[in-house]
1. Percent of alpha carbon pairs in region 27-117 separated by more than 22 Å?
2. Of all accessible surface on the chain at a 1.4 Å probe, what whole percent is carbon and sulfur?
3. Across the Cα atoms of region 268-313, what radius of gyration and what greatest pairwise Cα-Cα distance (Dmax) are found, in Å?
4. Quickly work out the Val148-to-Ser50 label distance, labels modelled 7 Å from Cα along the C-beta direction, and quote it in nm with one decimal.
5. Could you tell me what a quarter of the Cα convex hull surface of region 285-340 works out to, in nm² with one decimal place?
6. Which number comes out as Rg/Rh for the chain once both Rg and the Kirkwood Rh are worked out on C-alpha atoms?
7. Quick one: which residues, 5 or more positions from Lys336 or on another chain, have an amide H under 5 Å from its amide H? H modelled 1.01 Å from N in the peptide plane, none for Pro or chain starts.
8. Taking K and R as +1 and D and E as -1, what net charge do the other residues with C-beta under 15 Å from the C-beta of Leu53 add up to?
Amino acid sequence: MSTAAHTEPQKYLDPALTFQLLDRVPQPEGVITATYVWIGGSGQDLRSKSRTLHGKPASAADLPEWNYDGSSTGQAPGHNSEVILKPQAIFKDPFRLGENILVMCDTYDPQGNPIPTNTRAPANVVFEKTKDEKSWFGIEQEYTIFSVDKHPFGWPKGGFPGPQGPYYCGVGADRCFGRDITDAFYRYALYAGIKVSGDNAEVMPGQWEFQVGPCEGISAGDHMWMARYILLRLSELYRVVISFDPKPIEGDWNGAGCHTNVSTEAMRNEGGIKVIEAAMQKLAAKHAEHIEVYGQGNERRLTGKHETAHIGQFRYGVADRGASIRIPSQTAKDGKGYFEDRRPASNMDPYVVTAKIIDTICL
């Protein structure tokens with residue numbers, strides 16, 4: 001039996017060296033790389049692979065379909081494993097720069113049918129039926145940073161930080177942890193063409209939020225999924241783990257949500273507050289249905305504490321962050337605007353949630 005000391009296998013290379021090498025060798029003219037991105041079998045994991053193209057496509061429709069081994073992602077059996085990728089939205093690639101692109105795709109079987117984990121296709125049906133509503137979404141993505149050993153980033157080893165209070169929108173080395181990656185993400189996402197509208201440190205130390213929107217219809221899901229992809233790619237460089245768990249730390253700590261702000265054209269017009277109030281009644285009647293698709297593990301977060309309503313209750317209120325749905329005070333004052341659904345968990349599928357809301361209030 002070997003008596004050699006156990007050592008961890010090498011997991012990380014030097015990203016600075018990688019960028020240095022890339023700078024030395026220019027990419028040939030007329031050639032681009034397209035990184036196809038899709039949602040994996042869990043409904044929460046993202047996958048990607050790249051291919052070389054000759055010439056820049058004008059739109060997603062100009063890109064070729066591709067395929068992958070669905071048996072390796074939990075989306076197809078081994079004896080019939082081919083899953084088809086259909087390009088749906090193009091973004092600039094902030095990692096490879098130049099004319100290179102990121103491509104948001106959805107997934108189909110070889111006969112052209114959406115596979116069960118393709119949530120974009122049914123969502124798009126809802127948005128096509130309701131396109132005259134001109135639905136806008138602003139989605140607030142909360143997430144938590146962990147070290148690679150799964151320890152909350154910035155927390156003392158073997159202990160806890162001070163109580164919540166100083167960390168929300170905080171500044172300073174003793175209360176703000178992880179700003180490097182959030183600043184990098186903000187710039188990379190903007191470069192990619194994602195409609196990032198802001199970010200902030202959250203209530204629990206090591207937890208952050210970015211906002212995407214306003215986006216119309218299906219594009220809200222495209223932008224949010226690609227934003228998550230860019231954040232996860234950056235976590236490889238910073239050697240941290242990004243968690244979208246809705247209650248990453250048990251106890252007296254805030255959970256992580258994905259608050260979804262919603263507005264139709266009728267809500268934005270004069271007298272829109274009446275349309276919003278009518279939507280509240282429709283959402284109340286379908287509360288249980290919405291909770292079922294608002295994220296896994298959400299019951300650990302929606303306890304009625306930590307700025308949440310209880311999962312078993314539905315209520316709305318003006319400027320009430322303890323309600324299921326908050327109507328902003330400015331919306332109440334103006335008599336028009338939008339509402340914020342505070343129920344979705346941080347790991348929710350934005351295709352599912354946005355389509356579910358519009359289906360309930362418009363169809």
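The values are calculated or read from the model by the stated rules, or taken from the named source; none is laboratory data. As the structure is a computational prediction, the values presented were derived from the model and not from experiment. Virtual Cβ from ideal backbone geometry, glycine too; neighbours counted across all protein chains shown. We work out accessible area using only protein heavy atoms, side chains counted, and drop any ligands, DNA or RNA first. Shrake-Rupley method; radii C 1.70, N 1.55, O 1.52, S 1.80 Å.
1. Values: 1170 of 4095 pairs.
Counting every Cα pair in region 27-117, those more than 22 Å apart make up 29 percent.
2. Working: 9040 of 17490 Å².
Reported share for carbon and sulfur atoms: 52 percent.
3. 13.4, 39
4. 2.1
5. Values: hull surface 16.3 nm².
For region 285-340, the mean projected area of the Cα convex hull comes to 4.1 nm².
6. Details: Rg = 21.7 Å, Rh = 22.0 Å.
Ratio of gyration radius to Kirkwood radius for the chain: 0.98.
7. Ile273
8. Details: positive: Lys49, Arg51, Lys56, Lys92, Arg96; negative: Glu29, Asp62, Glu65, Asp93, Glu99.
With Lys, Arg at +1 and Asp, Glu at -1, the net is 0.
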